[in-house]
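Structure first, commentary second.
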Amino acid sequence: MTSPDGDVLAAAVARVATTFGGMTAQADETVCGRCFDEVEVELLRTPDVRLPTDLVGRVAQKDPFHWDNQPAIVRRVLPQLVVVLGEGAVESALMARGLAAAGWSR
């Protein structure tokens, strides 16, 4: 994350990681077996394990009704999602959809 405001962005990313670190999907979260395999679901249920970047993007892009508890899923991927968005992800508008649907602006 190199930009004129790199220090500010790095501080914000660190704060998100501290605030949302250790969050997980619900233990009984059910997901579409066509979209995510069991290994990926287990990663979402496991705290403080780094997720593959492509998994973070796919989770963030899913329709909110795809999940039993969409806000919990967003909290799980958020520390890595802000890095992806800060680095200028190609599909950032789709990824931000999950944040908006979780009601983060309220």
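Sort the following peptides by mean Cβ neighbour count (other Cβ atoms within 10 Å, averaged over residues), highest first: 76-84, 51-59, 26-34. If you can, show how the numbers build up before the last one.
Details: 76-84: 22.3, 51-59: 17.3, 26-34: 11.0.
For the peptides 76-84, 51-59, 26-34, the packing ranking is 76-84, 51-59, 26-34.
Cα atoms only, region 1-77: Rg and Dmax in Å?
Calculated on Cα positions, Rg and Dmax stand at 13.8, 43 Å.
Could you order Phe65, Phe20 by accessible surface area, starting with the largest, using a probe radius of 1.4 Å?
Working: Phe65 185, Phe20 35 Å².
Largest to smallest exposure gives the sequence Phe65, Phe20.
How big is the gap, in Å, between the Cα center of region 30-55 and the Cα center of region 62-82?
A separation of 11 Å, based on Cα centres.
The values are calculated or read from the model by the stated rules, or taken from the named source; none is laboratory data. Keep in mind that this is a model prediction, so the values were computed, not measured. Counting neighbours? That spans all protein chains shown, and the Cβs are built from the backbone with ideal geometry, glycine included. The accessibility values were calculated without ligands, DNA or RNA, using every heavy atom of the protein model including side chains. Shrake-Rupley method; radii C 1.70, N 1.55, O 1.52, S 1.80 Å.
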